[in-house]
Amino acid sequence: MTANAILQAAIAQFAEKGFEGASLAGIAQAVGIKKQSIATYFPKKEDLFLAAFQEMARHYIEFLDQLFKGIPGTPVEARLRGIVYRTYYYRVEHPILTSFYKRSVQFPAPFFQEMLEQQISMMEKQSSAFYRAIFEEGMNTGQIRRQHTESLLSAYYCLQDGISMQMFFYNHEEFERRLKDIWEIFWAGIKQA
């Protein structure tokens, strides 16, 4: 229980202050333990950061698993749109995990660069296979204009990354309107005319 409480407090601290700004004393205070007690579970601050990032990645991969299981059999456009919207809602519902991820990616600690690339590759590998299958089905059934699957995949990731940045600039209602416009323009660009 204490290790998980430490992890959750660490994720919140790293999300707010980054690796450099977060302190073990602040994390210990949030959990209600002494700073030295953290070393029982995480010998160094770097170990705690890596464990926090892995926990965030595990949570997101679990979300992707549930997402992918929940949308089979619907039309290609509805599936792709559903992924975009549900991913947006996931980020809204988990602002601390989202902030932690964004800060970690945008301002990675030097010791973390290699691990970051491995974790992102792992998350992307899981989602890419699923997205590729949808794009290929769309092209094979004439719903999506024939083009390189990897190009579609790159554009789709860029769409999602842009959404994850833009969502912080607008209130929920305004962003919902923007998201509708964003999706319609993206779909118009890839669908079969």
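The values are calculated or read from the model by the stated rules, or taken from the named source; none is laboratory data. Just so you know, these numbers come straight off a predicted model, no measurement behind them. Quick reminder, even Gly has a Cβ in these numbers, built from the backbone with ideal geometry, and neighbours come from all protein chains shown. Remember, those area values only see protein heavy atoms, side chains included, never the ligands or the DNA or RNA. Shrake-Rupley method; radii C 1.70, N 1.55, O 1.52, S 1.80 Å.
The table that follows gives values for the structure above.
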item: Matching residues in region 14-23 - criterion: being without any contact (Cβ under 8 Å) to a residue 60 or more places away in the chain and either open to solvent by less than 30 Å² (accessible area, probe 1.4 Å) or aromatic (Phe, Trp, Tyr) (or both); result: Ala22
item: Residue count, region 24-42 (criterion: of a type in the set (Ser, Thr, Tyr) and either in contact (Cβ under 8 Å) with a residue 60 or more places away in the chain or open to solvent by 50 Å² or more (accessible area, probe 1.4 Å) (or both)); result: 2
item: Boolean, Ala193 is loosely packed, with under 13 Cβ neighbours inside 10 Å, in a loop (DSSP other than H, G, I, E, B) and of a type outside the set (Val, Ile, Thr); result: yes
item: Those residues of region 111-132 which are in contact (Cβ under 8 Å) with a residue 40 or more places away in the chain and either open to solvent by 70 Å² or more (accessible area, probe 1.4 Å) or among the aliphatic types (A, V, I, L, M) (or both), in sequence order; result: Phe111, Met115, Leu116, Met122, Met123
item: Meets criteria (open to solvent by less than 90 Å² (accessible area, probe 1.4 Å) and of a type in the set (D, E, K, R)) for Arg145; result: no
item: Hits in region 64-86 (condition: under 29 Å from Ala3 (Cβ atoms) and either at pLDDT 90 or above or in contact with a Ser or Thr (Cβ under 8 Å, 6 or more places away or on another chain) (or both)); result: Leu64, Leu67
item: Lone unmet requirement of (1) touching a helix residue (DSSP H, G or I) at 6+ places or on another chain (Cβ under 9 Å); (2) open to solvent by 40 Å² or more (accessible area, probe 1.4 Å); (3) modelled with pLDDT of 90 or more; (4) farther than 18 Å from Lys180 by Cβ for Leu48; result: (2)
item: Test: residue in region 71-79 that is part of a helix (DSSP H, G or I), among the charged types (D, E, K, R), open to solvent by 60 Å² or more (accessible area, probe 1.4 Å) and at negative phi; result: no
item: Residue among Trp183, Trp187 that alone is surrounded by 11 or more Cβ atoms within 10 Å (Cβ to Cβ), in contact (Cβ under 8 Å) with a residue 24 or more places away in the chain and within 15 Å of Thr87 (Cα to Cα); result: Trp183
item: Looking only at region 80-110, and only at residues there that are under 17 Å from Ala10 (Cα atoms), in a helix (DSSP H, G or I) and of a type in the set (Phe, Trp, Tyr), the one that is least open to solvent (accessible area, probe 1.4 Å); result: Phe100
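Here's the yes/no breakdown for (1) of a type in the set (A, V, I, L, M, F, W, C); (2) over 16 Å from Gln126 (Cα atoms):
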{"site": "Gln13", "(1), (2)": "no, yes"}
{"site": "Ala22", "(1), (2)": "yes, yes"}
{"site": "Ala28", "(1), (2)": "yes, yes"}
{"site": "Ile33", "(1), (2)": "yes, yes"}
{"site": "Leu50", "(1), (2)": "yes, yes"}
{"site": "Phe53", "(1), (2)": "yes, yes"}
{"site": "Ala57", "(1), (2)": "yes, no"}
{"site": "Glu62", "(1), (2)": "no, no"}
{"site": "Thr74", "(1), (2)": "no, yes"}
